[in-house]
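First the structure, in the form of structure tokens, and then the observations on it.
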Amino acid sequence: MKLLFLNGPNMNMLGVREPDIYGRQTYADLENYIRDFCRELGIECELYQSNHEGDLVDAIQRAYGAVDGIVINPAAYTHTSVAILDALKAVGLPAVEVHISAVSERESFRQVSYAGMACCRTFAGHGFAGYRMAAEHLLALQRGVIAGASSRVEITVE
Ligand code: DQA
């Protein structure tokens, strides 16, 4: 199984940005953490981070036919980007949303997730562990242990 791990804007500033919320570990630490658990779980992984919405859309489009699933932390674009939502819907790959922080306990403007509407699951507030939980969820889906890869894809926004 091959997964794409996508991270959005300012995730490259982990370790520096708001450490009380995001912790002291860096993006390089996150990459090492993901590569380590993927090796352990027998998952082939591709990692990509960008501060640019269009780059993230391009990465999702490139994933079509190339990977079996996407783990995405769209960061601030979570709350604004219809383009990322549409890209996820366009490729139709099983996708899981991750947030390091517990977004549901934060500001009101963080309470909408566009990307999440194209994801079958969200893990928020688990720190780096959320990425592993997301990968394990996609692994279980692929193995048929659990059903419902597209259960939330049909949600629409008025
Ligand atoms: C985040 C939460 C977002 O609201 C925020 O804009 C981020 C990071 C998280 O991982 O907790 O940049 O996605």
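Within region 48-66, one or more residues are touching a helix residue (DSSP H, G or I) at 6+ places or on another chain (Cβ under 9 Å) and within 11 Å of the ligand (Cβ to nearest atom).
From the list 47, 30, 85, 41, the one residue that fits, being in contact (Cβ under 8 Å) with a residue 60 or more places away in the chain and within 15 Å of the chain's Cα centre (by Cα), is 30. For region 102-124, the set of residues classified as touching a strand residue (DSSP E or B) at 6+ places or on another chain (Cβ under 7 Å) and either within 11 Å of the ligand (Cβ to nearest atom) or free of Cβ contacts under 8 Å to residues at least 24 places away in the same chain (or both) consists of 102, 103, 104, 113, 115, 116, 122, 123, 124, listed by residue number.
With in contact (Cβ under 8 Å) with a residue 60 or more places away in the chain and more than 11 Å from the ligand (Cβ to nearest atom) as the only criterion, which of 132, 35 stands out?
On the way: 35 fails: in contact (Cβ under 8 Å) with a residue 60 or more places away in the chain.
Just a single option satisfies the conditions, and that option is 132.
The one condition from (1) assigned to a loop (DSSP other than H, G, I, E, B); (2) under 19 Å from residue 122 (Cβ atoms); (3) within 14 Å of the ligand (Cβ to nearest atom); (4) not basic (Lys, Arg) that residue 93 does not meet is (3). Residues satisfying the criterion are absent from region 108-120 (criterion: part of a loop (DSSP other than H, G, I, E, B) and at positive phi). Criterion first (within 14 Å of the ligand (Cβ to nearest atom), more than 13 Å from the chain's Cα centre (by Cα) and outside any loop (DSSP other than H, G, I, E, B)) does residue 12 satisfy it? It is true that residue 12 is within 14 Å of the ligand (Cβ to nearest atom), more than 13 Å from the chain's Cα centre (by Cα) and outside any loop (DSSP other than H, G, I, E, B).
Bear in mind that the values in this text are calculations on the coordinates, not laboratory data. Source: prediction; values computed, not measured. Heads up, the Cβs are rebuilt from the backbone with ideal geometry, glycines too, and the neighbour counts pull from every protein chain shown.
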